[in-house]
Amino acid sequence: MNKNEILNEINIIEKRLGIQLSDKYKQFLSEEVKDKDIYEIQTSRGDNVYLYNYKALLERNETYSIQDVEPDYVLIGQDGDIGYFINVKSDDDRVYSLDLGALGSLEMDEEAKDIYKLIS
């Protein structure tokens, strides 16, 4: 798929989840991840994180009922049981993490100032 087709699909996901993703994250999805089935990165701390493509974004958030428990966040990737999130209710581009079993009961840890900083 080309960038515009991916952006159209992302718009559909935003409407379905009732969220607004940041322009920076949409750019990352449409230019870096694209429709690759596997997009794995290594963070500056050495963690291996699987970042979802636009197709898995909706399914993963519905599977873990993210918007029911953390309506301000979207799950964008995982490292085992650790979820990686972005805030969709602010102009904040930061990436956060939290054990998926602790959703709604603990505060998230800041991992990076934006998605691009997570991988650098």
(request) Roll a 1.4 angstrom probe over the protein heavy atoms and tell me the percent of accessible area of the range 8-89 that is carbon or sulfur. (result) 40 percent
(message) Among Met1, Gly83, Asn48, whose Cα projects farthest towards the positive end of the dipole of the chain, with charges put on the beta-carbon of Lys, Arg (+1) and Asp, Glu (-1)?
(response) Met1
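State which stretch of the chain is the longest one without any exposed trypsin sites (Lys or Arg not before Pro), exposure meaning a DSSP loop state and at most 12 other Cβ atoms within 10 Å. Let's see the in-between values first.
Working: sites that count: Lys36, Arg45, Lys89, Lys113.
Maximal segment without exposed cleavage sites: 46-88.
What number, rounded to the nearest 500 deg cm²/dmol, is the helix-based mean residue ellipticity at 222 nm of the chain, given -39500 (n - 2.57) per DSSP H run of at least four residues and division by all its residues? Intermediate values should be presented prior to the final figure.
Numbers: 5 runs with 39 residues, N = 120.
Dividing the helical sum by the residues of the chain leaves -8500 deg cm²/dmol.
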(request) Provide, for the range 23-120, the number of lysine pairs with alpha carbons under 17 Å apart, each pair being eight or more places apart or on different chains. (result) 13
(message) Accessible area per residue for the range 71-112 in Å², computed with a 1.4 Å probe and the full protein assembly in place, what is it?
(response) 46 Å²
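Hey, got the dipole for the chain? About the Cα centre, +1 on K and R Cβ, -1 on D and E Cβ, debye to the nearest 20? Kindly include the intermediate steps, with their values, before the conclusion.
Details: 14 positive and 26 negative charges, 78 e Å.
Here the chain has a charge dipole of around 380 debye.
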(request) Could you please put Asp99, Asp68 in sequence from largest to smallest accessible area, using a 1.4 Å probe? (result) Asp68, Asp99
(message) Checking the a/c ratio against 1.5 first, then a/b against b/c, what shape does the Cα gyration tensor give for the range 29-97?
(response) rounded
(message) Show me, for the range 71-81, the HN-Hα J-couplings you get by feeding each phi into the Karplus relation (A = 6.51, B = -1.76, C = 1.60, θ = phi - 60°), rounded to Hz, glycine and proline as x.
(response) x, 8, 10, 10, 6, 10, x, 8, 10, x, 8
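The values are calculated or read from the model by the stated rules, or taken from the named source; none is laboratory data. Values in this document were obtained by computation on a predicted structure and should not be read as measured data. Neighbour counts are summed over all protein chains in view; Cβ atoms, including those assigned to glycine, are modelled from backbone coordinates with ideal geometry. The accessibility values were calculated without ligands, DNA or RNA, using every heavy atom of the protein model including side chains. Shrake-Rupley method; radii C 1.70, N 1.55, O 1.52, S 1.80 Å.
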